[in-house]
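Worksheet: the structure to be examined is printed underneath.
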Amino acid sequence: MFQQDATSRTPAVLLDPAKGVFSLVGESYPEDITGFYGPIRVALDEALRNLSGPLKVDLKLVYFNSSSARVLMELMDQMDEYAQSGTNIQVSWYCDPDDDITREFAEDISEDLSAVKFEIIDEVIS
């Protein structure tokens, strides 16, 4: 299991392969993007290699900067590779109904994925 509490600049992270859950909740604009997301990528890769069931991914990001957006795309690509090999991965991206930028970004990502099941959910994120 991999878990980190949210800070003013980073989201709360929960990756629990035993329960089949991965979530990012909060804001994402870390000063050190590699330092923050590097361990998450490693933990996700290990979890995906050893996953025995489906993975439910919840993204509830109030704000993320362009560096975080790039990493989010890489995480989605990483999950899509495993999904192409038969791993059942469901991503739920929660977007504030008034946040057109996040919705457009999520839609762009969903179009690039070939095997991950992806849904955008309108919900006020606070």
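Taking every DSSP beta bridge with both residues inside the chain, roughly what % is antiparallel (nearest 5)?
30 percent
Set Lys and Arg Cβ to +1 and Asp and Glu Cβ to -1, take the dipole of segment 19-122 about its Cα centre, and tell me which of SER85, TYR37, ILE121 lies farthest positive. Value computed over the given set: SER85. Label reach from SER52 (point 7 Å along Cα→C-beta): in segment 20-41, amide nitrogens under 13 Å belong to 20.
Taking other Cβ atoms within 10 Å as a rough exposure proxy, ARG49, ARG70 sort from fewest to most as ARG49, ARG70. Among ASP77, ASP96, a tally of other beta-carbon atoms within 10 Å of each Cβ gives an order, fewest to most, of ASP77, ASP96. Calculated mean residue ellipticity at 222 nm for the chain: -13500 deg cm²/dmol, from DSSP H runs with n ≥ 4 weighted as -39500 (n - 2.57), summed, divided by the residue count and rounded to 500. A protection proxy built from the mean count of other Cβ atoms within 10 Å ranks the segments 18-27, 50-59, most packed first, as 18-27, 50-59. Going by neighbour counts of Cβ atoms within 10 Å, the residues TYR37, TYR29, TYR94 line up, fewest first, as TYR29, TYR94, TYR37. Can you pull the one-decimal nm distance between simple spin-label points at TYR63 and ALA18, each 7 Å off the Cα toward Cβ? Result: 3.7 nm between the two label points. Around the Cα centre of the chain, unit charges on the Cβ atoms of Lys, Arg, Asp and Glu (plus for the first two, minus for the last two) sum to a dipole of about 600 debye.
A short reminder: the numbers here are calculations on the coordinates, not readings from a lab. Here the structure is a predicted model, which means the values were calculated and not measured. Don't worry about glycine lacking a Cβ; one is built from the backbone with ideal geometry, like all the others, and counts go over all protein chains shown.
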